[in-house]
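Asks: Have a look at this one.
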Amino acid sequence: MQIRVPAVPRGAGWVAASGFILGLAHPPLHLLLPSFLGLVPFGIWLGRLPEGEEGRREAFRGGFWLGVVYYTLLLHWLATSLVHYSLMALPGFVLTVVPMCLFLAVATVGVYHVRRRLGWPLWIALPVFWTAAEWLRAHLGPISFPWNEFGYTLTGFPQLIGVADIVGARGLSFWLVMLNGLLATGILAWRAGRRRDVWLAFGGWVLALALPVAYSLHRWTSLDHEVAATVTIVQPNIPEDLKLDRHAAIDSTRRVVESLLAGHDPGRPIDLLVLPETVIPLPIDPIPATGYRGLRRVRTWLANLAYDRRAPVLFGTIGIDKLPGGEWDYFNSALLVDATGERIGRYDKHHLVPVVERVPFLNPDWFTWAPYFDFGGFGVGVGTAPMESDGVSFGVLICYESIFAGLSREFRRRGADYLVNITNDAWFGREEPSWSRSSALWQHPSHLVLRAIESRIGIARAANTGISEIVDPLGRVHEATELFTSAIFTADVLTTRGLTPFARAGDVVGWLAALAAAVGAVLPAILGGAARAAGPPPEGNRAP
């Protein structure tokens, strides 16, 4: 089978410029202006495509190559950081980025068609199809990957995005793309000499910018919040190379955690002690059918930690369930234990990393490599009941579950007062050399800013190698630790009362954009000649 890469479009400089500028908007650079200007060159290029089949082909090529530049800058870490552990990281990068580029290419063709056949203005068509493409990425079952969508580019400026408690992250994407589309529309009208349209476009831009920002700034200064819990976060900083030797990792973790706790005085009672994801990378309980004896000493050690701190301990480990027929299922789990060693809560990860934790669409039993560690075959967790400690409830997000807004929203709807994110980001880079630290180390925690704002909820993050932090309901980050250092801190986690519009209704903007894109895609075929009679919109149709 021959795979053909779409040809580079004419005017590729405009396309490449947008991809490059958009890359500057994401962490770690996190520049402000690129969020509002990044898609303008692409919008101008798109608004001047020629009529007919030639224009459609150019639209497809332009959307694809915009994705190549943009997504390579955004997701290069999939190859550059993970290749240290497996050469499969290289095809994994390609298999992730190419479909995203194709989604963007098809979305660009959709923009082209609804403008010419239905007369949609660029500033409406572009955000509808862009947001629909993001929605699709988030609704692909076990291969969903809504990582750092356009709306996340403003997570470094939380005072500007309080409107996310109404529209969510995808609503921010729609807003930003619309602002870019209005600027592109104004520039196209100016070049065509249509002064009235210029004033309309830029007046619309000012209004579309001012209203959400005004709401966000009001929320920033007026939101009431209260302390939900006081937590101690431990960052042991166990390198991934050592964690792969699971027994050695447990011994090293115990020594580091004991040393950090011995030198830390919280100065007040705490409600929860939090250790990172898979800090105990083996099942605590025995598995008689396999001869695995469990970790009795570790259970005792964790109970002693809870007793000494007078608070339950939340930690990441491998959860197990016995199945009919003597089989066992394995999970990436978070366990909550009290001072007696009793297990008072367990959460199993719902959204599993494709291939690494579960190979999509295949029987997980085919990928069991060891009797007590299921590489590629972890079970999928069910249930979103919050855990409870001293009358205060909290939801748990394991690793990159922080990128899924629906899970955080469900915890909030079920009564969670705050959220805890435990993760191991050691995969994303190393302490030395410094250039090995990939952008994912900053992109990953940026998702929590929007999770906090969407539900007006506080979040505590415990990361093995950093960044560990507290995020308040306004999206402000506190107590952020340094990367690749052992660290410990105690802090209050804030919360608010009641449910936000987003927590109640969910991703309304994403669903409406997907619906509008679907209607726009099929309506021309239904209307036939009447749709074609609409002709091109006034932005212009001359190729750049």
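Read the figures in this text as sums done on the coordinates, not as results from a lab. Remember, it's a predicted structure, so these values are computed and weren't measured experimentally. Ideal geometry is used to build each Cβ from the backbone, glycine not excepted, and the neighbour counts take in all protein chains shown.
Asks: Along its three principal axes, how long is the stretch 226-495 when you only count alpha carbons? Whole Å, largest extent first please.
Replies: Principal-axis extents of the stretch 226-495 (Cα, largest first): 49, 44, 38 Å.
Asks: Now a separate question. Any idea what angle helix 12-25 forms with the longest principal axis of the chain, computed on alpha-carbon atoms, 0 to 90 degrees, nearest 10?
Replies: 30
Asks: Can you order the peptides 286-293, 195-202, 131-138 by their average number of other Cβ atoms within 10 Å per residue, highest first? Please list the in-between numbers first.
Replies: Working: 286-293: 12.6, 195-202: 15.4, 131-138: 23.6.
Highest to lowest by the protection proxy: 131-138, 195-202, 286-293.
Asks: Could you give me the ³J(HN,Hα) list for the stretch 226-233, computed from phi with Karplus coefficients 6.51, -1.76, 1.60 and θ = phi - 60°, whole Hz, x at Gly and Pro?
Replies: 8, 6, 8, 6, 10, 10, 10, 9
Asks: Sort out for me the Cα centre separation of the stretch 419-460 from the stretch 147-189, rounded to whole Å.
Replies: About 21 Å separates the Cα centre of the stretch 419-460 from the one of the stretch 147-189.
Asks: Using a cut-off of 14 Å between beta-carbons, work out the net charge of the residues near Arg297 (Lys and Arg +1, Asp and Glu -1, Arg297 not included). Working shown, then result.
Replies: On the way: positive: Arg254, Arg255, Arg293, Arg296, Arg299; negative: Asp251, Glu258, Asp285.
Spelling it out: positives minus negatives among the neighbours equals +2.
Asks: Next question, about the same structure. Could you pull out every residue, at least 5 positions away or on a different chain, whose amide H is within less than 5 Å of the one on Val234? Hs are placed 1.01 Å off N in the peptide plane, and Pro or chain starts have none.
Replies: Residues meeting the amide H criterion: Val274.
Asks: Using only Cα atoms, tell me the angle between helix 296-309 and the longest principal axis of the chain; keep it within 0 to 90° and round to the nearest 10.
Replies: Long axis of 296-309 versus the principal axis of the chain: about 80 degrees.
Asks: While we're here: Using just the C-alpha positions of the stretch 153-220 as equal point scatterers, what log10 of I(q)/I(0) does the Debye formula give at each q in 0.19, 0.26, 0.29 1/Å?
Replies: The computed values of log10 I(q)/I(0) come out as -0.73, -1.04, -1.19.
Asks: Please identify which residues in the stretch 155-183 have an amide N closer than 14 Å to a label point set 7 Å out from the Cα of Arg504, following the Cα→Cβ vector.
Replies: From the stretch 155-183, the list is 165-167.
Asks: At 0.36 nm per residue, and after removing the present C-alpha to C-alpha distance, how many nm does the segment from Leu87 to Arg476 gain when stretched out fully?
Replies: Taking 0.36 nm per residue and subtracting the Cα distance, the gain is 136.3 nm.
Asks: Another one. What distance in nm separates the simple spin-label points at Ala385 and Arg414, each placed 7 Å from Cα in the Cβ direction?
Replies: Placing both labels 7 Å beyond Cα along the Cβ direction yields 0.8 nm.
Asks: Continuing with this model, one more query. With a ≥ b ≥ c the root eigenvalues of the C-alpha gyration tensor of the stretch 224-322, is it rounded (a/c under 1.5), prolate (a/b larger than b/c) or oblate? It would help to have the intermediate numbers written out before the result.
Replies: On the way: a/c = 2.03, a/b = 1.66, b/c = 1.22.
Taking the square roots of the gyration eigenvalues as a ≥ b ≥ c, the stretch 224-322 is prolate.
Asks: Given R₀ = 60 Å, FRET efficiency for Arg310-Ser436 by Cβ-Cβ distance, to 0.05? Don't skip to the end; give the middle numbers.
Replies: Values: r = 40 Å, r/R0 = 0.67.
With a Förster radius of 60 Å, E is 0.90.
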